[in-house]
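All remarks here apply to the structure that follows.
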Amino acid sequence: MTLYFNQYDQSGESFDQFGFPGWPQQDYFEPPPFGPPPAAGPGFPPPGFSPPIPAWQSGSRGIRSCLFSNTYIWLINGNSFWFYPMNVGRQFIFGFRWRRRTGWTRHVINRNEIRSYQCF
């Protein structure tokens, strides 16, 4: 499930400050960068297993240590999936979610919705 929000979240944090490496930033005064469009994900699939949910970890504190690595995410609503975090903000985590049929897709997660996570 992809979340769509206004340009600013409730904390006043601007999404424009979160750029994925290689993604063009919204700047209406300069031409877009030259070259191929950014890659859709890390270029390799996640591990071929779903780990058991860890009992010792809840919330999203410390998820910065998982940047640029395969991370399994368990949400409060019961959903779970492989995620490749690229940027961590105060309220949102930006990166790529693995979908079996389409591969890596851009995805935003609200930090308050995370029950647990595990980096690999």
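The values are calculated or read from the model by the stated rules, or taken from the named source; none is laboratory data. Only a predicted model underlies this, so the values are computations on that prediction, with no experimental measurement involved. Please note: Cβ atoms are built from the backbone with ideal geometry, for glycine as well, and neighbour counts cover all protein chains shown.
Within the group 26, 91, which residue is in contact with a helix residue (DSSP H, G or I) (Cβ under 8 Å, 6 or more places away or on another chain) and modelled with pLDDT under 90?
On the way: 91 fails: modelled with pLDDT under 90.
The match here is 26.
Checking residue 80 against (1) surrounded by 14 or more Cβ atoms within 10 Å (Cβ to Cβ); (2) small (Gly, Ala, Ser); (3) modelled with pLDDT under 90, which single condition isn't satisfied?
(3)
Go through region 45-84 residue by residue and tally those that are over 15 Å from residue 96 (Cα atoms) and part of a loop (DSSP other than H, G, I, E, B).
Residues meeting the conditions: 19.
What is the number of the single condition among (1) surrounded by fewer than 17 Cβ atoms within 10 Å (Cβ to Cβ); (2) touching a helix residue (DSSP H, G or I) at 6+ places or on another chain (Cβ under 8 Å); (3) modelled with pLDDT under 90 that residue 60 does not meet?
(1)
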